[in-house]
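Heads up: the structure comes next, in structure tokens.
The values are calculated or read from the model by the stated rules, or taken from the named source; none is laboratory data. Note that the structure is predicted; figures quoted are calculated from it, not measured. Here the Cβ positions follow ideal geometry from the backbone for every residue, glycine too, while neighbour counts run over all protein chains shown. These area figures cover heavy atoms from the full protein model, side chains too; ligands, DNA and RNA do not enter into them. Shrake-Rupley method; radii C 1.70, N 1.55, O 1.52, S 1.80 Å.
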Amino acid sequence: MDSPGDRRRRRAAALLLLPALAVVGVAAAIPVGVLVRVSLIPPGPLAPLEGGPTLAAFRGLLAAPWAEVAGGTAGLALATTALTVVLAFPAAWVLSRATGSIRSVLTLLVVAPLLMSVVVRAYGWTLILGARGFLGESLAAVGLPRVGLLHTGAGVLIALTEAFLPFMILALTASLDRSDRSLVDAARGLGASPASAFLRVTLPLALPGLVAGAGFVLVGCLSAYATPALLGGSATRTLVLEIYERITIHFDWPAAAAASLVLLAAATALLTATAGFSRRRSATVFGG
Amino acid sequence: MSDRTSRRLPRLALGLGAAAAFAVLLASPLAVILYSFSPTAALEVPPTGFSLRWYAGLAGHPRLLDGLWTSLALAAVASGAAALVGVPAALALARGSLRGREALVAVLLSPLALPGLVLGVGLLTAASLTARTTGLQLAGTAAPLLLAHLLITIPWVTRNVLASLESSDPLLEEQARSLGASPLATLFLVTLPGARPGIVAGVISAFVISFGNFALSLLLASGRTVTLPVAIFEAVDRFQDPTVAAISTVTIAVTGIAAVAAERLSRAGSTP
């Protein structure tokens, strides 16, 4: 069934694809392979890069400080995700109803922060949240006591929420754009209260976007380094901060490699599960 | 509660919530820009004046300026190289009638899902293993850094160009071929001009992503030459004045210029 032309076309396509696949293969597969190998070396400060294979580095992750840090990181990621949903839903609702140039401007406001470096955005929050920052000085200017949120968990939560809010707004807007607004009108016309129309019609329609967005935000929080490091000070320990210290302070490569692999597995599982759920769900809601 | 207020209240709540969300998104860059023009080292509310002295003062901070040039050069090379491998890949995926196309797309987009620091740890470990086994010193050179930035920029080029090619009409290419145009002429006169918005958007996104990346550069760009986000990260605690705000505002301006350029270039000449 394959004509010679088809085959020639396919061979040319394979050739065009090769450089990109080679780069991704070398730059992504080799580091992951190396991490697997190094994670099987006996861990410890200044551990030499040889010996094993042993699962000691993975067993070490069950002990202090890892278990506690992992729990704290997961809690921070969940709290950030919840806060992004609360803020993103109204923004997405307004965005999906806006038209013309208002919609363009609002979309630009949502996308613009994504173009800026996370370091710059985190630095901006240190300027706002410090006791001598915009927040503290504004409070003092109107005669209230100075309050600073720098180096607190609340500060990290606020900055992480801002860092990942655009993803959630974009994901929810995509879902709301696809859903038929007349369904809400129909529910209201049939006597549903605004609250129950929201809970039983709008929310289920937005669910695919919400879950896809949550996947992005959770993985983003698990992988974040600059924001917790700049805003949390010594008050916040996260998995990624701990991995970085294993390498730069303890020179414990096997422990860092094992923790990196666990993080990678968690991120991949979360993204696969949320993207899969979102796809199935939008297939049932929107009919494929 | 009357029916009118019961209808207005949710709208009011949604409007206020949206306003809060947009305020949160704008707060951080506005704080940086505002503080960079402060006449005093201390942050003042309300501001007492306007000054460019912190921008002028950047001349005396070579580590920040070197970081700016390093980041600009790295972003230019990475996005250029990403275009060289990403555009052909997107062409192959869009027009090559390949088997397992979905899987190939997933592989090329997979770097987007890799946590940056994990990739950095992996590349740094790979570099030190290479040094131990072959004596080849890669750690501290530009090679791992460039490779890492190329890896995370390829998905942006591929995805944007692929979307452009898929929305453009292949019939136009068939007509060009049947009217006697060679495959190469068709590629350069019909297919690639048709994909122009995707190529522009992809390359400029790649530039911006590389320019702002921190997680990869943190481990791979240590030593004497660092990228600008790493230099800014180190400088935050060192400076108790708007110097960091000034260089940060410069990065915001660079990304703003890139965004405007993307908008202009993708429109100019795209419609015959």
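For the stretch A:212-248: of the residues being out of contact with any helix residue (DSSP H, G or I) (no Cβ under 7 Å at 6 or more places or on another chain) and touching a residue at least 24 places away in the same chain (Cβ under 8 Å), which is farthest from A:PRO166 (Cα to Cα)?
Initially, the stretch A:212-248 is screened for residues out of contact with any helix residue (DSSP H, G or I) (no Cβ under 7 Å at 6 or more places or on another chain), giving A:233-234, A:245, A:248.
Subsequent filtering for residues that are touching a residue at least 24 places away in the same chain (Cβ under 8 Å) retains A:233-234.
Numbers: A:GLY233: 25, A:SER234: 28 Å.
Residue satisfying both the conditions and the ranking: A:SER234.
Just the residues that are touching a Pro at 6+ places or on another chain (Cβ under 8 Å) and not aromatic (Phe, Trp, Tyr), please, taken from the stretch B:20-38.
Of everything in the stretch B:20-38, those that are touching a Pro at 6+ places or on another chain (Cβ under 8 Å) and not aromatic (Phe, Trp, Tyr) turn out to be B:ALA20, B:ALA21, B:LEU25, B:SER28, B:PRO29, B:LEU34, B:SER36, B:SER38.
Kindly indicate which of B:LEU52, B:LEU72 is more than 10 Å from every other protein chain (Cβ to nearest Cβ), touching a residue at least 12 places away in the same chain (Cβ under 8 Å), open to solvent by 40 Å² or more (accessible area, probe 1.4 Å) and farther than 19 Å from B:ILE209 by Cα.
B:LEU52
For the stretch B:113-163, what are the residues that are among the hydroxyl-bearing types (Ser, Thr, Tyr) and either within 19 Å of the chain's Cα centre (by Cα) or at the interface with another protein chain (Cβ under 9 Å from one of its Cβ atoms) (or both)?
If the condition is that a residue be among the hydroxyl-bearing types (Ser, Thr, Tyr) and either within 19 Å of the chain's Cα centre (by Cα) or at the interface with another protein chain (Cβ under 9 Å from one of its Cβ atoms) (or both), then B:THR125, B:SER128, B:THR153, B:THR158 are the ones that fit.
Return yes or no: is B:LEU84 modelled with pLDDT of 85 or more and open to solvent by 30 Å² or more (accessible area, probe 1.4 Å)?
Working: modelled with pLDDT of 85 or more: yes; open to solvent by 30 Å² or more (accessible area, probe 1.4 Å): yes.
It is true that B:LEU84 is modelled with pLDDT of 85 or more and open to solvent by 30 Å² or more (accessible area, probe 1.4 Å).
Looking only at the stretch A:84-103, count every residue that is among the β-branched types (Val, Ile, Thr) and either open to solvent by less than 30 Å² (accessible area, probe 1.4 Å) or within 10 Å of chain B (Cβ to nearest Cβ) (or both) and tell me the total.
Counting residues in the stretch A:84-103 that are among the β-branched types (Val, Ile, Thr) and either open to solvent by less than 30 Å² (accessible area, probe 1.4 Å) or within 10 Å of chain B (Cβ to nearest Cβ) (or both) gives 3.
Given the conditions (1) under 20 Å from B:ARG11 (Cα atoms); (2) open to solvent by 10 Å² or more (accessible area, probe 1.4 Å); (3) touching a helix residue (DSSP H, G or I) at 6+ places or on another chain (Cβ under 6 Å), report the number of the one that A:ARG200 does not fulfil.
It is condition (3) that A:ARG200 fails.
If B:ALA90 meets every condition in (1) of a type in the set (A, V, I, L, M); (2) under 30 Å from A:ILE249 (Cα atoms); (3) open to solvent by less than 30 Å² (accessible area, probe 1.4 Å); (4) facing chain A (nearest Cβ under 9 Å) apart from one, which number is that one?
(2)
Might you check whether a residue that is touching a Pro at 6+ places or on another chain (Cβ under 8 Å), open to solvent by less than 50 Å² (accessible area, probe 1.4 Å) and in contact (Cβ under 8 Å) with a residue 12 or more places away in the chain occurs anywhere in the stretch A:170-184?
Yes, the stretch A:170-184 contains at least one residue that is touching a Pro at 6+ places or on another chain (Cβ under 8 Å), open to solvent by less than 50 Å² (accessible area, probe 1.4 Å) and in contact (Cβ under 8 Å) with a residue 12 or more places away in the chain.
Given the conditions (1) among the polar types (S, T, N, Q); (2) buried (at least 16 other Cβ atoms within 10 Å of the Cβ); (3) at the interface with chain A (Cβ under 7 Å from one of its Cβ atoms), report the number of the one that B:SER97 does not fulfil.
Of (1) among the polar types (S, T, N, Q); (2) buried (at least 16 other Cβ atoms within 10 Å of the Cβ); (3) at the interface with chain A (Cβ under 7 Å from one of its Cβ atoms), only one is false for B:SER97: (2).
Looking only at residues in the stretch A:115-154 that are surrounded by 23 or more Cβ atoms within 10 Å (Cβ to Cβ) and outside any helix (DSSP H, G or I), which one is nearest to the other protein chains (Cβ to nearest Cβ)?
By that ranking, first place goes to A:SER117.
Filter the stretch B:34-49 down to residues that are of a type in the set (A, V, I, L, M) and buried (at least 18 other Cβ atoms within 10 Å of the Cβ), then give me how many there are.
2
In this structure, is B:VAL77 open to solvent by 30 Å² or more (accessible area, probe 1.4 Å), not small (Gly, Ala, Ser) and not in a helix (DSSP H, G or I)?
no
Mind telling me which of the residues B:SER222, B:SER182, B:SER217 ends up being modelled with pLDDT under 95, within 11 Å of another protein chain (Cβ to nearest Cβ) and surrounded by fewer than 24 Cβ atoms within 10 Å (Cβ to Cβ)? Outline the logic, then answer.
Working: B:SER182 fails: within 11 Å of another protein chain (Cβ to nearest Cβ); B:SER217 fails: surrounded by fewer than 24 Cβ atoms within 10 Å (Cβ to Cβ).
After ruling out the rest, the residue left standing is B:SER222.
At the interface with another protein chain (Cβ under 7 Å from one of its Cβ atoms), open to solvent by 80 Å² or more (accessible area, probe 1.4 Å), over 18 Å from B:PHE239 (Cα atoms) and modelled with pLDDT under 95, is that true of B:ARG7?
Spelling it out, B:ARG7 is indeed at the interface with another protein chain (Cβ under 7 Å from one of its Cβ atoms), open to solvent by 80 Å² or more (accessible area, probe 1.4 Å), over 18 Å from B:PHE239 (Cα atoms) and modelled with pLDDT under 95.
Hey, any hits in the stretch B:212-228 for a residue that's basic (Lys, Arg) and part of a helix (DSSP H, G or I)? Steps first, please.
First pass over the stretch B:212-228, keeping only residues basic (Lys, Arg): B:224.
With part of a helix (DSSP H, G or I) added as a condition, the list becomes none.
Among the residues of the stretch B:212-228, not one is basic (Lys, Arg) and part of a helix (DSSP H, G or I), which makes the answer no.
Restricting to the stretch B:236-248, name every residue that is touching a Phe, Trp or Tyr at 6+ places or on another chain (Cβ under 8 Å) and either basic (Lys, Arg) or under 27 Å from B:VAL200 (Cα atoms) (or both).
If the condition is that a residue be touching a Phe, Trp or Tyr at 6+ places or on another chain (Cβ under 8 Å) and either basic (Lys, Arg) or under 27 Å from B:VAL200 (Cα atoms) (or both), then B:SER248 is the only one that fits.
Could you check the stretch A:179-288 for helices (runs of 4 or more DSSP H) lying wholly inside it with 1 or more residues that are touching a strand residue (DSSP E or B) at 6+ places or on another chain (Cβ under 8 Å) and over 30 Å from A:HIS151 (Cβ atoms)?
No helices (runs of 4 or more DSSP H) qualify here.
Would you pick out the residues in the stretch B:229-254 that are more than 8 Å from chain A (Cβ to nearest Cβ) and among the hydroxyl-bearing types (Ser, Thr, Tyr)?
B:THR243, B:THR249
Which number in (1) within 12 Å of chain A (Cβ to nearest Cβ); (2) of a type in the set (A, V, I, L, M); (3) open to solvent by 50 Å² or more (accessible area, probe 1.4 Å) marks the one condition that B:LEU172 misses?
(1)
Could you identify the single residue in A:LEU78, A:LEU55, A:LEU49, A:LEU16 that is open to solvent by 40 Å² or more (accessible area, probe 1.4 Å), out of contact with any Asp or Glu (no Cβ under 8 Å at 6 or more places or on another chain) and either under 16 Å from B:VAL121 (Cα atoms) or at the interface with another protein chain (Cβ under 8 Å from one of its Cβ atoms) (or both)?
When all the criteria are applied, what remains is A:LEU16.
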